[in-house]
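A short worksheet on the structure shown next.
The values are calculated or read from the model by the stated rules, or taken from the named source; none is laboratory data. Only a predicted model underlies this, so the values are computations on that prediction, with no experimental measurement involved. Note: ideal-geometry Cβ built from the backbone for every residue, glycine included; neighbour counts use all protein chains shown. All accessible areas refer to the heavy atoms of the entire protein, side chains included, with ligands and DNA or RNA removed. Shrake-Rupley method; radii C 1.70, N 1.55, O 1.52, S 1.80 Å.
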Amino acid sequence: MKIDYNEILQQITLDLKNIKYKGDVANYIPELKSVDPNKFGISLQFLNKRGYNSGDFNIKFSIQSVSKVFALAMAFEKLGNKIWHRVGVEPSGTSFNSLLQLEYENGIPRNPFINAGALVVCDILIDLLSEPKKDFLKFVQKLAGNIHIQYNKNVARSESEVGYRNASLAYLLKDFGNIKNPVDKVLDFYFHICSIEMTCEELSKSFLVFANHGINPHNKEKILSESKTKRLNALMQSCGFYDESGEFTFTVGLPGKSGVGGGIAAIFPGEFAISVWSPRLNKKGNSILGMKALELFTTISGKSVF
Ligand code: GLU
């Protein structure tokens with residue numbers, strides 16, 4: 001039977017409107033406080049160029065930690081397996097900005113998607129790129145097939161003004177010798193990559209490369225080898241949802257990554273990428289409605305990797 005994706009997305013949007021839910025927008029970054037908590041958008045993009053959207057799919061939001069996937073893709077392709085000497089591949093089992101675990105484990109972050117891991121990836125990229133902020137943005141624009149993707153300088157500045165915990169992580173990493181560049185430079189780059197803004201539609205389009213074995217579907221360029229794409233997707237599956245990656249695997253069953261801006265991007269290898277945005281977060285930092293929407297989507301469509 002042919003699946004009516006349009007119908008599914010409209011139905012999910014409608015059903016979720018009726019859910020009375022708690023949860024709040026991320027308020028530890030002042031600039032993110034002003035986001036309308038009731039927004040909800042979803043976009044499903046297929047490799048065969050078909051696309052389906054619903055709700056506020058066309059409004060830009062701060063993708064925050066979803067960017068860590070782009071940063072890892074860039075660093076992994078350039079540095080290869082040497083990257084795993086400096087960052088692990090295990091779920092953290094702690095909050096995304098935990099200092100304790102980093103201290104116990106001698107400055108080797110559990111995975112590239114917790115903040116400490118992403119800071120190490122940023123440090124690696126600073127060494128590998130001639131103009132890190134410019135080169136990274138260009139890379140993301142290429143993946144999105146869209147030169148209008150930008151950093152939000154206000155969000156980056158706002159986070160840097162209150163980024164004490166990330167600064168603590170960076171200094172601890174530096175003390176362990178796992179950050180080579182000046183801490184300020186690494187933090188500035190990290191806050192910028194987190195400040196990228198996209199719509200759900202743009203985010204789905206930029207994730208298609210991970211559903212396409214590392215080939216950018218917009219220009220056919222090989223961004224990441226097939227084997228590295230497999231590993232990156234595996235990391236999204238096991239570590240992409242803070243300390244709730246097991247729950248997401250259990251209820252949704254797609255590799256993906258969430259951010260405290262309320263966005264989630266996920267992929268189904270060989271077929272599609274799907275993004276959801278709803279700013280209200282649960283205690284673990286994941287979008288409440290975003291997770292629910294994806295659970296409904298894979299349940300109704302049967303499109304899960306399991
Ligand atoms: N910029 C945010 C932070 O470092 C990203 C957090 C997230 O989305 O997980 O706190």
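Numerical summary
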item: Surface share of carbon and sulfur [accessible, 1.4 angstrom probe, percent] for the range 57-211; result: 51
item: Interchain or long-range residues, amide H under 5 Å from residue 196's placed H; result: 63, 64, 152
item: Relative contact order (%) - the range 86-175, alpha-carbon pairs under 8 angstrom, separation at least six; result: 31
item: Where only C-alpha atoms are counted, convex hull volume of the range 166-294 per residue in Å³; result: 135
item: Student exercise, the chain dipole from Lys, Arg, Asp, Glu Cβ charges, in Debye to nearest 20; result: 400
item: Cα long-axis angle, helix 288-301 against the chain (0 to 90 degrees, to the nearest 10); result: 50
item: Leading residue at positive end of dipole, the range 1-48 (Cβ point charges), from 43, 28, 9; result: 28
item: Computed FRET value (nearest 0.05) for residue 17 with residue 135, which takes r as the C-beta separation and R₀ as 41 Å; result: 0.50
item: Accessible area per residue in Å² at 1.4 Å probe, computed on the range 213-306; result: 35
item: Amide hydrogen neighbours beyond the local backbone of residue 56, cut-off 5 Å, H modeled; result: 40, 41, 42
item: Dipole of the chain, positive end: most advanced residue of 273, 299, 198 [Cβ charges, Cα centre]; result: 273
item: Percentage relative contact order, the range 192-293, counting C-alpha pairs under 8 Å, at least six apart; result: 25
item: Net lengthening on full extension, residue 175/residue 226 (0.36 nm per residue, minus Cα-Cα); result: 14.8 nm
item: Kirkwood hydrodynamic radius of the range 32-85, from inverse mean 1/r over distinct Cα pairs, in Å; result: 14.2
item: By accessible area with a 1.4 Å probe, ligands and nucleic acids excluded, highest first: order of 226, 271; result: 226, 271
item: Value in Å of the Kirkwood radius, where the chain supplies the Cα pairs that are averaged; result: 19.0
